[in-house]
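Below is one structure, written out as structure tokens; comments come after it.
What follows draws every value from the coordinates through simple rules; no lab data is involved. Being a predicted model, the structure only gives us computed values, none of them experimental. So basically every Cβ, Gly included, is an ideal-geometry build from the backbone, and we count neighbours across all protein chains shown.
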Amino acid sequence: MALMSDSSPSPASPSSATAASSRRQRRPGVLIGALAVLIIFSGSGIWYTTDIILARPIVSGGFVSGTTFRQDDPLLAPEYHVPYRPNGTVQVAVMISNVGNYAANIQKITFIGVPTPSDHYVSPLRTAKPLYAPDMISGELKAFRPFTIDPDKMTIVGWDLTMCPTQTNLGGSRLYDRFGVTYSYGGWTRTDEVVMPTALSIDNIGKCDGNGNPPSR
């Protein structure tokens with residue numbers, strides 16, 4: 001006769017039941033802790049994104065030198081007008097401010113619309129030498145070097161602009177209304193286009209490429 005074995009589970013020992021109960025009691029605490037950490041990191045991520053990554057702290061405060069003002073139409077924004085002269089020069093300076101919460105290290109400023117020798121477009125301006133004022137009180141412009149603007153501070157940057165050697169085309173103008181700023185802010189380096197409060201117009205222009213050559217016909 002075959003022997004029958006009892007397959008019913010044996011009752012859990014008191015120590016096993018106590019351990020299982022303790023694990024069940026710890027789970028809500030672990031979940032709450034993990035959720036709290038997730039909320040903290042999510043909040044930090046949102047703050048970092050809005051306060052640093054998406055921030056555009058460098059703004060222009062307006063022209064401070066270099067041109068003759070003329071407003072052609074009271075319904076339009078005012079413009080600074082400069083007559084074109086072959087190989088003529090003009091110095092333009094603008095004020096920039098840091099409206100962010102952290103210091104911004106300005107690494108490069110670019111007068112947008114002036115071709116380099118490798119570009120394939122023409123402009124009435126041949127070169128734009130960047131400048132800055134290391135002393136805000138005197139406002140004296142010198143050859144550009146990287147510098148830092150603290151929060152809620154301002155300084156002056158500018159360019160020595162050189163026009164093309166070509167003769168005027170007896171008409172036409174070119175409007176410049178923005179410049180580029182490359183800077184590091186909160187550990188991020190980016191390049192922004194900053195709109196000038198007042199545009200600069202070169203009037204009655206001639207044109208050349210970045211090598212000073214007139215446009216091909």
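Taking the Cβ of M196 as the centre, find all other residues whose Cβ is under 11 Å away and add up their charges (Lys, Arg: +1; Asp, Glu: -1).
Values: positive: R178; negative: E79, D177, E193.
Result for the neighbourhood of M196: -2.
Taking K and R as +1 and D and E as -1, what net charge do the other residues with C-beta under 15 Å from the C-beta of T182 add up to?
Local charge sum for T182: +3.
Please arrange D160, D150 by counting, for each residue, the other beta carbons lying within 10 Å of its beta carbon, fewest first. Walk me through the numbers before you get to the answer.
On the way: D160 17, D150 12.
With the fewest neighbours first, D160, D150 line up as D150, D160.
Provide M154, M95, M136 in ascending order of the number of other Cβ atoms located within 10 Å of each residue's Cβ, fewest first. All intermediate terms of the calculation are to be shown ahead of the outcome.
Numbers: M154 15, M95 19, M136 12.
Result, fewest neighbours first: M136, M154, M95.
Please arrange I109, I202, I137 by how many other C-beta atoms lie within 10 Å of their C-beta, fewest to most. Working shown, then result.
Values: I109 22, I202 26, I137 6.
So the residues, fewest neighbours to most, are I137, I109, I202.
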